[in-house]
2 protein chains.
Amino acid sequence: MSWQVRAGYDPNQIVSNGNKFLLANGYMGYRGTMEEYGAEQLAANTILGLYDQVGDKWREPVNAPNGLFFKLFDQATEISLLTLKPSFHQQTLDYQQGLHIRKTAFSYNENTITLQAERFLHMKRLHLMVDEITLAAEKPITLQVKIGIDTAVWDINGPHLINFETEDLADQIILSAKTQREHKNITVAQAVNASKLNCLKKEGQFAYYEVTLTPEPITFHIFATTFNANDCQNPKEAAKKELDVAFAMDFASLKKEHTQIWKGLWEKADVEIDGDSKAQEAIRYSLYHLLSIAPRHSDTVSIPARGLSGQTYKGAIFWDTEMFMLPFFMHVLPEVAKNILSYRIYTLPGALAKAKEYGFNGAFYAWESQELGQDATSDYNVVDVFTKRPMRTYFRDKQIHISGDIAYAFWQYYEYTKDLELLLKGGAQVIFECAKFYYSYAYYKVEKNRFELIDVIGPDEYHERVYNNAYTNKLAQKTMKIALDLWEMLAENAPEDLAEILTATELMEIDKEKFQRFYNEIYVPQPNDAEIIEQFDNYFSLEDVSVTAVRKRLLDDKEYWGGAYGVAADTQVIKQADVIFMLHLFGEDYTKSEIQKNWEYYEPRTEHGSSLSACIYALVACQFDNQDWAYPYFMKTATVDLTGETKQYAGTIYIGGTHPAANGGAWLAAIKGFGGLSVKNNQLQVTPKLPKSWQRLAFNTIFNGESYHIEIEAGKTPRISKKNNS
Amino acid sequence: MSWQVRAGYDPNQIVSNGNKFLLANGYMGYRGTMEEYGAEQLAANTILGLYDQVGDKWREPVNAPNGLFFKLFDQATEISLLTLKPSFHQQTLDYQQGLHIRKTAFSYNENTITLQAERFLHMKRLHLMVDEITLAAEKPITLQVKIGIDTAVWDINGPHLINFETEDLADQIILSAKTQREHKNITVAQAVNASKLNCLKKEGQFAYYEVTLTPEPITFHIFATTFNANDCQNPKEAAKKELDVAFAMDFASLKKEHTQIWKGLWEKADVEIDGDSKAQEAIRYSLYHLLSIAPRHSDTVSIPARGLSGQTYKGAIFWDTEMFMLPFFMHVLPEVAKNILSYRIYTLPGALAKAKEYGFNGAFYAWESQELGQDATSDYNVVDVFTKRPMRTYFRDKQIHISGDIAYAFWQYYEYTKDLELLLKGGAQVIFECAKFYYSYAYYKVEKNRFELIDVIGPDEYHERVYNNAYTNKLAQKTMKIALDLWEMLAENAPEDLAEILTATELMEIDKEKFQRFYNEIYVPQPNDAEIIEQFDNYFSLEDVSVTAVRKRLLDDKEYWGGAYGVAADTQVIKQADVIFMLHLFGEDYTKSEIQKNWEYYEPRTEHGSSLSACIYALVACQFDNQDWAYPYFMKTATVDLTGETKQYAGTIYIGGTHPAANGGAWLAAIKGFGGLSVKNNQLQVTPKLPKSWQRLAFNTIFNGESYHIEIEAGKTPRISKKNNS
């Protein structure tokens, strides 16, 4: 098994390879671009949690200047992939060790010049990037090298950095700048260890060297550190200091530290599949992305929808994190799960403010959450391709399931880990505030004696402003149940904390009755005579037409399917799993037959316009034991960032990047779907449903603070064995 | 004072003159076209209450074949306004007597041929049209005349008639047909009295004559009757019989009968204005239209939004009738008011069915009501000019104020006329069912202890799916009050009837408590600190921009301002009086200052995209004694069908016609606005606010069954004098 992905030379793949070969360490993400690439090739080092806004364009993450810039010249002639077609080129991601390796050979002046580079984003020294670059030539040739901190990086709504200042120390180049809006400092410090070579000259943040290449390789080691005002008081000092430390170590020592950490992560997180090498590679590649972007260092940040692969989706945190990524972390790296959830505690004030803005109580979490929980979602998130006018969308104000997603996630984490601390540190407040939000959002239909949640958007965003979305209503009901169970649990186990929490959330005993009434009287759409659950009121009366037929109605490839007048809006064609997602979360409340009937009903009506859809169809097919139906959806999910076959542009806006939610969905489908891992009566339980070709599935989990290894072999009884805690 | 409007020859005005010179008699409406005109000139005799649908096009009224067709030939050469530019042409509507007069002279072959015609739709014999045509020539010339029943009439979504059959009797031509969808019979019978001329030949439904014209005029009298299956079992027999009777009388006798009825109507309905001849003419011309289209013959029909001027707006009955036309009839022709309201009793089953269709109780009246109360409104009432796709509109399902409009109208009629009979004949049921509808439509906001009406469209249709529209909520509250007052009144005055009505409407004593609770707890937006009432929740947070600026954003003149993404949708620019309409109806609940402040706020934000808007701004300006502000809006309303300056086309669809709601609005502004007529303590009261130029305003009303004449002279105390009942 290779643990590697590779690509050759293909100028058309530069952007998608930038995602596919991404390096990240939870603090920053460095796109899989070549050392000589710049803004046009979307070179970027995206910094988690540092945002900026220019004018009235949307707010997005800041890409730091590129501290690993390296370019070769023969005087005025640039010798690079941007100017020459290489005689050989290979780009490799070693996702076992978190290494990016590049080998390129140029035929130039009847000579062959080779450039090799190996780089990593250090998994412990999170502000540090290192690149080892080795040059050689068949025949002697003297060339010039330009190394430095390049400010020409990808920027969607920039320029985000201003007030650039260069400090030229003997052995370091320091580039500092400020963000436009909030004037947050950022510094990139760089040092080069170029063996015995002397620097020819320095200009601003660039240093120039002259090298005479021979078959005997010459090696450059480039070290770059990045700090910003979110990290510490004085990013410049910190960057210099961290760089000094790294520079004092050699490349090999740093690499060893780095790969050791990866080794430890894989020991906890690896999933082994025998008999299906494609699935094995795909799941490991998916887990690589999750592990590389996981915030292990901070409990005030979380994972954006496109990970650390750039600025798309505003670098914002969506429900993706709780509903698709969290289960993986919760099962194998609970400390990361805790960090991710803590972000929602940290951003509770933002959610309270948003609810207030709309006239509601409690916590209405941001649909697109930035660092303080502010909602980055525009009221006009889509542009009309026909009129070029922004279209009023309702993601921000109507996608209320986000608060339930978060309450559900906290409780799911608590139930699996029994980690009371997170609840006491703010998690309980989050849950109570989410319950309060639904109570205040809901309307009561007097004649029907029921609460309803009307005018919402469910997971299927192609249908806006619907009434009683099954997923949303069921989740709101569950949120009330969680709040009630939490209340009771705290009353028993932590009565003093409860008293404080109730004071903080302004709850009284009478509110428990309100929650109870809501739980009893909230309308949740039930299966009809054909056992189908209607996605929302009157969904069944919409035109029943195939996805293909709807696609044919497009007048423009890029036009939005949803909104008021989109091609899908008045049809039963949906964007992604919605009722089916509900059946994934709440399968125990429905019969197998109901689950299957709904799968069969909604599957042909689903466009899968979101990368969040396929994994759920895989998972739910396993719930009614149909691995054959599940398998293609699993593979679609698990290979999403390998094939790159997702939407790359919306209008003229690049929306590509990595898909950590699909990566998490792949894990879910493998472990909860095919592996059949669940908890019954506070015990781990495994009821495997392996695809035909899988001979063995093995994985680990930490449950209730104890580590377990699970071995599933086709035809044998699965084994759950306790491990020593690591 | 002339009581006449005139037009000369202008081929560009053919369509608008068709409206301006409309003849009608409540049963049918004959457009102001020339005798020789056909389908292209929108010749039409629109029959009230007879509808047809072709394929999946919208259902619309049927235009009967043209029984007054008359065309002059010199062998193959047509001598008509369609082929020759006339040397003289004048078209006159005598709106005092309901006569259409036409004089045309053609210079032809060094001769002058003159054609005069005088026609009317008989105001008593409602199925009868008569035309007197007089021909002469300076020098003798022999010409041919073609007279008959022309089927080439205006049809938007036709052809509506099929199975044509001609019956050629000695003295009559009979043309019968059926409607496409429902196979309803219709017959037009025609007879010609052409002095001593012999018929040359007959072909189908046409007869040909040869005439030798001299300075001595030759006269043709054409009589045509129209009957359809809604009128009687055998329309053909009825048409023949009615034609026999008319033919036996002479033109002069029929005309005398006809003009006598007009005289009687004017005695009741005239409004005299001294000092402002333009206003005088405009108000009389407005009243002419109302009087001519009023259904005096039936209590199962009502007045469509474009009167009887054609097929536009589907020939449907809107709230226009109750809210804008009814007050005029209620004040001067209560029997017509009763007929109009009876239509809503007759169509109550349709309203009950519509409510049920949407899952509500009670009566949800059709937004565009056809003969059985079925809703002609399409869910896609507008076409996107950019994509040519139908746009989902919400007029049908969200414009819930229609039921309150109707309940309000019944009660207003009862309070003014004290006619209990209409309530006992079904009016009470209508009111109770409307109250039931609002009760079932409303949602209760538990945390705010109030009912809300959410997701509606108010009178301002540019803002769809809004919450708590002030007009709608106030009207729903009033509807409950009316239902409660009605309940009490019937308990006192007609307890046995009440018992029956409660059984029929499935109401019990407990429902009175429900109505009372709704009345007490329905949220009605109140004036804010600046005394402004917010049109709906969050209206004030919409972009505050001028109508002119919004108009400039149009990319296409014909694009719809409303809908989800229209130029007005996210701004404070509104289509028509909305809060201001509420202040017109419920002025007594607000201070003068509040009324004025709201007028000043909303007036510059109103596009007046509806002909229902200007009259309300006139009326409400009078409420705070500002006649100067009221006057231009009054004149705009009163001259709407004189100037023809309204939207004529929506996309490629002709939407013009007459504007009876504006006609009624003109009366309202004159009498209730400037005249200040009101009822206080069951007494007529007049607090005049005459415009500067008006020296005298005089009018009549029947109040509580008694006839009154009101004389208002500038600077004098107004006189209210009782008349002998006529």
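The values are calculated or read from the model by the stated rules, or taken from the named source; none is laboratory data. These numbers come from a predicted model, not from an experiment. Every residue, glycine among them, receives a Cβ derived from its backbone with ideal geometry; neighbour counts consider all protein chains shown.
Are any of the residues in region B:585-601 touching a Lys or Arg at 6+ places or on another chain (Cβ under 9 Å), surrounded by fewer than 24 Cβ atoms within 10 Å (Cβ to Cβ), more than 17 Å from B:PHE536 (Cβ to Cβ) and of a type in the set (Gly, Ala, Ser)?
Looking through region B:585-601, none of the residues is touching a Lys or Arg at 6+ places or on another chain (Cβ under 9 Å), surrounded by fewer than 24 Cβ atoms within 10 Å (Cβ to Cβ), more than 17 Å from B:PHE536 (Cβ to Cβ) and of a type in the set (Gly, Ala, Ser).
Given (1) surrounded by fewer than 21 Cβ atoms within 10 Å (Cβ to Cβ); (2) more than 11 Å from every other protein chain (Cβ to nearest Cβ); (3) of a type in the set (Ser, Thr, Tyr), identify the lone condition not met by A:THR347.
(1)
Suppose we filter B:THR637, B:THR643 for residues that are surrounded by 24 or more Cβ atoms within 10 Å (Cβ to Cβ) and under 18 Å from the mean Cα position of the chain (by Cα); which single one remains? Please lay out each step first, then the result.
Numbers: B:THR643 fails: surrounded by 24 or more Cβ atoms within 10 Å (Cβ to Cβ).
None of the other options fit; the residue is B:THR637.
Are there any pairs with C-beta distances below 7 angstrom linking a residue in region B:663-679 that is closer than 13 Å to B:ARG284 by Cα to a residue that is of a type in the set (Phe, Trp, Tyr) and assigned to a loop (DSSP other than H, G, I, E, B), with the two at least 6 apart or on different chains, and if so which?
none
Testing A:TRP58 on (1) buried (at least 24 other Cβ atoms within 10 Å of the Cβ); (2) in contact with a helix residue (DSSP H, G or I) (Cβ under 8 Å, 6 or more places away or on another chain), one condition comes back false. Which one is that?
Evaluating A:TRP58 over (1) buried (at least 24 other Cβ atoms within 10 Å of the Cβ); (2) in contact with a helix residue (DSSP H, G or I) (Cβ under 8 Å, 6 or more places away or on another chain) leaves (1) as the failure.
Among B:ASP485, B:ASP537, B:ASP497, which is the only one that is under 20 Å from B:LYS445 (Cα atoms) and touching a residue at least 40 places away in the same chain (Cβ under 8 Å)? Before you say what the answer is, go through the steps one by one.
On the way: B:ASP485 fails: under 20 Å from B:LYS445 (Cα atoms); B:ASP497 fails: under 20 Å from B:LYS445 (Cα atoms).
Sole residue among the options that is under 20 Å from B:LYS445 (Cα atoms) and touching a residue at least 40 places away in the same chain (Cβ under 8 Å): B:ASP537.
What are the residues in region A:500-520 that are surrounded by 18 or more Cβ atoms within 10 Å (Cβ to Cβ) and hydrophobic (A, V, I, L, M, F, W, C), if any?
A:ILE501, A:LEU502, A:LEU507, A:PHE515, A:PHE518
So A:GLY315 ticks every box in (1) within 23 Å of A:THR33 (Cβ to Cβ); (2) out of contact with any Lys or Arg (no Cβ under 6 Å at 6 or more places or on another chain); (3) surrounded by fewer than 24 Cβ atoms within 10 Å (Cβ to Cβ) but one. Which box is left unticked?
Among (1) within 23 Å of A:THR33 (Cβ to Cβ); (2) out of contact with any Lys or Arg (no Cβ under 6 Å at 6 or more places or on another chain); (3) surrounded by fewer than 24 Cβ atoms within 10 Å (Cβ to Cβ), the lone unmet condition for A:GLY315 is (3).
Could you say whether any residue in region B:487-507 is outside any helix (DSSP H, G or I), over 19 Å from A:LYS448 (Cα atoms) and within 14 Å of chain A (Cβ to nearest Cβ)?
Checked against the condition, which is being outside any helix (DSSP H, G or I), over 19 Å from A:LYS448 (Cα atoms) and within 14 Å of chain A (Cβ to nearest Cβ), region B:487-507 yields no hits at all.
All but one of (1) out of contact with any strand residue (DSSP E or B) (no Cβ under 9 Å at 6 or more places or on another chain); (2) farther than 21 Å from A:MET391 by Cα hold for B:ALA577; state the number of the condition that does not hold.
With respect to (1) out of contact with any strand residue (DSSP E or B) (no Cβ under 9 Å at 6 or more places or on another chain); (2) farther than 21 Å from A:MET391 by Cα, B:ALA577 is out only on (1).
Quick check on region A:541-563: of everything there that is loosely packed, with under 13 Cβ neighbours inside 10 Å and hydrophobic (A, V, I, L, M, F, W, C), which residue is nearest to A:GLU452 (Cα to Cα)?
A:ALA549
All but one of (1) more than 30 Å from A:PRO390 (Cβ to Cβ); (2) in contact with a Lys or Arg (Cβ under 8 Å, 6 or more places away or on another chain); (3) more than 14 Å from every other protein chain (Cβ to nearest Cβ) hold for A:TYR523; which doesn't?
(3)
For B:LEU490, which of the numbered conditions (1) closer than 20 Å to B:GLN429 by Cβ; (2) in contact with a Pro (Cβ under 8 Å, 6 or more places away or on another chain) fails to hold?
All conditions are met except number (2).
In the list B:GLU513, B:GLU531, which residue meets the criterion of being within 13 Å of chain A (Cβ to nearest Cβ) and among the charged types (D, E, K, R)? Full working, then the answer.
Details: B:GLU531 fails: within 13 Å of chain A (Cβ to nearest Cβ).
None of the other options fit; the residue is B:GLU513.
Quick one: in region A:684-713, which of the residues that are free of Cβ contacts under 8 Å to residues at least 40 places away in the same chain and over 23 Å from A:TYR414 (Cβ atoms) is surrounded by the most Cβ atoms within 10 Å (Cβ to Cβ)?
Looking at the filtered set, the residue picked out is A:ILE712.
Scan A:TYR380, A:TYR358 and give me the residue that is without any contact (Cβ under 8 Å) to a residue 24 or more places away in the chain, among the hydroxyl-bearing types (Ser, Thr, Tyr) and within 14 Å of chain B (Cβ to nearest Cβ). It would help to see each step written out before you state the result.
Working: A:TYR358 fails: without any contact (Cβ under 8 Å) to a residue 24 or more places away in the chain.
Every option except A:TYR380 fails the conditions.
If I filter region A:450-471 for residues that are away from chain B (no Cβ under 14 Å), over 24 Å from B:TYR443 (Cβ atoms) and of a type in the set (A, V, I, L, M, F, W, C), do I get at least one hit?
No, every residue in region A:450-471 fails to be away from chain B (no Cβ under 14 Å), over 24 Å from B:TYR443 (Cβ atoms) and of a type in the set (A, V, I, L, M, F, W, C).
What pairs come up if the first residue lies in region B:422-444 and is facing another protein chain (nearest Cβ under 10 Å), the second is among the acidic types (Asp, Glu), and their beta carbons are under 8 Å apart, counting only those six or more places apart or on different chains?
Close Cβ pairs (under 8 Å, with a partner that is among the acidic types (Asp, Glu)) amount to B:LYS436/B:ASP511; B:TYR439/A:GLU447; B:SER440/A:GLU447; B:ALA442/B:GLU452; B:TYR443/A:GLU452; B:TYR443/B:GLU452; B:TYR444/B:GLU452; B:TYR444/B:GLU521.
Per-residue answers, yes or no, for (1) surrounded by 15 or more Cβ atoms within 10 Å (Cβ to Cβ); (2) modelled with pLDDT under 95:
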site: A:GLN205; (1), (2): yes, yes
site: A:GLU210; (1), (2): no, yes
site: A:ASN234; (1), (2): no, no
site: A:ASP270; (1), (2): yes, no
site: A:ILE273; (1), (2): yes, no
site: A:ASP276; (1), (2): yes, no
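If only one of B:ALA238, B:ALA224, B:ALA294 is small (Gly, Ala, Ser), surrounded by fewer than 22 Cβ atoms within 10 Å (Cβ to Cβ) and under 30 Å from B:GLN180 (Cα atoms), which one is it?
Values: B:ALA224 fails: surrounded by fewer than 22 Cβ atoms within 10 Å (Cβ to Cβ); B:ALA294 fails: surrounded by fewer than 22 Cβ atoms within 10 Å (Cβ to Cβ).
Every option except B:ALA238 fails the conditions.
Restricting to region B:32-49, what's the tally of residues that are part of a strand (DSSP E or B), out of contact with any Leu (no Cβ under 7 Å at 6 or more places or on another chain) and crowded, with 24+ Cβ neighbours inside 10 Å? Break it down stepwise before answering.
Looking only at region B:32-49, we keep the residues that are part of a strand (DSSP E or B), and these are B:45-49.
From what's left, out of contact with any Leu (no Cβ under 7 Å at 6 or more places or on another chain): B:45, B:47, B:49.
Checking which are crowded, with 24+ Cβ neighbours inside 10 Å leaves us with B:45.
Number satisfying all stated conditions: 1.
So, in region B:386-421, of the ones that are surrounded by fewer than 21 Cβ atoms within 10 Å (Cβ to Cβ) and of a type in the set (S, T, N, Q), which residue ends up nearest to the other protein chains (Cβ to nearest Cβ)?
The residue in question is B:THR387.
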